[in-house]
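**Q** Take this structure, written in structure tokens, and hold onto it; I'll ask about it next.
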Amino acid sequence: MIILGIESSCDDTAVALVQNGRKVLGSLVSSQVKLHRRFGGVVPEVASRKHLENILPIIERLLRETKTSLNRIDAIAVTSGPGLSGSLLVGVNTAKALAYIWQKPLIEVDHLAAHIYSNFIEKKLPLKFPMLALIVSGGHTELVLIKSRTNLVVVGATLDDAAGEAFDKAAKLLGLGYPGGPAIAKAAVMGKVDPLPRPMLEQGLNMSFSGLKTALGRAVGSAKKSALAYEFQEAVTDVLATKVTRAIRRYRPKALLLAGGVAANKVLREKLKQIAKKHNLPYYIPEFKYCMDNAAMVALAAYFLGRTDKRGWYNVEVKTNSWKLKYESRNT
Ligand code: KG4
Ligand code: ZN
């Protein structure tokens, strides 16, 4: 079974072909980083226009490069949210049009679920539940308890900025460029600096990063840029690591997963590795190339979350509960 995945929730236009939920036949990402760099962040209107230009040529390129004819594709999967609405619209409408013209089933995939599945690309799926996932990207910071394959519950989240967004804003304050995560990681060198706060460290599973950014803004000029970048990275990863430890104690998961663009951060990868080791938990991190937005994770998630019945394919229900998202499936 071959699924064509389409991802356009933020600033990357991505397409992929995945066979039997495991083998990536091809995965292409057209990044808009250069386009948005001069604005210091993603401009939604610019992103959706660029998706529109990119989407059909990149699908054509994928089919050409993988020498895949249409009749070999069994279904089309697309990220339907959460994300920038204009950007999502391009991917979803393209997928719907192709599904209609090519007469293929359409599977809508939740972006967070897709990030979780980025851990299992070309790997065997573990089936021990519950698992705990930390999803950290430019738009998301969520602790998700995976109770079963189709039952994901957000048990903690940021109340304001996402972790990646905090990195991006901090890099802007330090004049380090965009995207901020890799820029801060590269610039960071331990040095003499007053400690930055670790917001909301003492209790609960929710997080807050906007105050940390304000504190960094005040500290700019008081120490070397490299030392401030180091301390900022330490502060964010300390908060994330503490929340993960608390969630492990509370929910006793059978595995720990990390996903999202910030999962590319080596300090965070290492801190969570130590936590997993201490609690004797299997630890999953996506390959670097699958941390950032991509469509292989979308096609993979569709394979495991999609279901067939007499209506054809359909996807799991996603329920929203204010800022706290709750994912529950009708069929669990
Ligand atoms: O998952 P992603 O590609 O897009 C969203 O769904 O948001 O994540 C992009 C985010 C950006 O905020 C970027 O600064 C951050 O991931 N990021 C990093 C690193 N690489 C990317 N943050 C910290 N350290 C990194 N090495
Ligand atoms: Zn993402």
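The values are calculated or read from the model by the stated rules, or taken from the named source; none is laboratory data. Bear in mind the structure is a predicted one, so any value in this text is a computation, not a measurement. As a convention, Cβ positions derive from the backbone with ideal geometry for all residues, glycine included, and neighbour counts pool all protein chains shown. Only protein heavy atoms, including side chains, enter the accessible area calculation; ligands, DNA and RNA are left aside. Shrake-Rupley method; radii C 1.70, N 1.55, O 1.52, S 1.80 Å.
**Q** Which ones in segment 9-65 are away from ligand 2 (no atom under 16 Å from the Cβ), more than 22 Å from Ala302 (Cβ to Cβ) and open to solvent by 50 Å² or more (accessible area, probe 1.4 Å)?
**A** Lys34, Leu35, Arg37, Arg38, Phe39, Glu45, Arg49, Lys50, Leu52, Glu53, Pro57, Arg64
**Q** Just give me the residues in segment 264-307 being within 11 Å of ligand 1 (Cβ to nearest atom), among the aliphatic types (A, V, I, L, M) and open to solvent by less than 30 Å² (accessible area, probe 1.4 Å), in sequence order.
**A** Leu268, Met297
**Q** Condition first: polar (S, T, N, Q), in the same structural domain as Gln32 (by TED's automatic domain parsing) and in contact with a Ser or Thr (Cβ under 8 Å, 6 or more places away or on another chain). Can you find one or more residues in segment 97-112 that meet it? Let's see the steps before the verdict.
**A** The initial filter retains those residues of segment 97-112 that are polar (S, T, N, Q), namely 103.
Add one more test, that the residue is in the same structural domain as Gln32 (by TED's automatic domain parsing), and what stays is 103.
So of that shortlist, the ones also in contact with a Ser or Thr (Cβ under 8 Å, 6 or more places away or on another chain) come out as none.
No, the conditions are met nowhere in segment 97-112.
**Q** All but one of (1) within 11 Å of ligand 1 (Cβ to nearest atom); (2) under 21 Å from Tyr284 (Cα atoms); (3) open to solvent by 30 Å² or more (accessible area, probe 1.4 Å) hold for Arg149; which doesn't?
**A** (1)
**Q** Does segment 169-191 contain at least one residue that is near ligand 1 (Cβ under 10 Å from one of its atoms), open to solvent by less than 50 Å² (accessible area, probe 1.4 Å) and of a type in the set (D, E, K, R)? Walk me through how you get there before you give the answer.
**A** Within segment 169-191, the subset near ligand 1 (Cβ under 10 Å from one of its atoms) is 169-171, 178-186, 188.
Right, trim to open to solvent by less than 50 Å² (accessible area, probe 1.4 Å) and you get 170-171, 178-181, 183-185, 188.
Applying the additional criterion that residues be of a type in the set (D, E, K, R) yields none.
No, because not a single residue in segment 169-191 is near ligand 1 (Cβ under 10 Å from one of its atoms), open to solvent by less than 50 Å² (accessible area, probe 1.4 Å) and of a type in the set (D, E, K, R).
**Q** Could you list, in sequence order, the residues of segment 268-309 that are more than 16 Å from ligand 2 (Cβ to nearest atom) and assigned to a loop (DSSP other than H, G, I, E, B)?
**A** Correct list: His279, Asn280, Leu281, Pro282, Gly306.
**Q** Related question: Could you tell me which residue of segment 66-108 is surrounded by the most Cβ atoms within 10 Å (Cβ to Cβ), considering only residues that are touching a residue at least 12 places away in the same chain (Cβ under 8 Å), assigned to a loop (DSSP other than H, G, I, E, B) and not charged (D, E, K, R)?
**A** Per the stated criteria, the residue is Gly83.
**Q** How many residues are buried (at least 16 other Cβ atoms within 10 Å of the Cβ) and either in contact (Cβ under 8 Å) with a residue 60 or more places away in the chain or farther than 24 Å from Val144 by Cα (or both) when one looks only at segment 195-211?
**A** 4
**Q** Between a residue in segment 109-138 that is on the phi < 0 side of the Ramachandran plot and any residue that is of a type in the set (Phe, Trp, Tyr) and open to solvent by 10 Å² or more (accessible area, probe 1.4 Å), which pairs come within a Cβ distance under 6 Å, given they are 6 or more apart or on different chains?
**A** Listed pairs, sorted by first residue: Ser118/Tyr290; Asn119/Tyr284; Ile121/Tyr290.
**Q** Mind checking which pairs have a first residue in segment 175-194 that is touching a residue at least 24 places away in the same chain (Cβ under 8 Å) and a second that is surrounded by fewer than 16 Cβ atoms within 10 Å (Cβ to Cβ) and among the charged types (D, E, K, R), Cβ under 6 Å, 6 or more apart or different chains?
**A** Matching pairs, first to second residue: Tyr178/Arg37; Gly191/Lys224.
**Q** Kindly state which helices (runs of 4 or more DSSP H) lie completely within segment 153-235 and contain at least 2 residues that are more than 16 Å from Val267 (Cβ to Cβ) and of a type outside the set (Val, Ile, Thr). Give the derivation first.
**A** Working: elements: 163-173, 180-187, 210-219.
Filter on segment 153-235 gives 163-173, 210-219.
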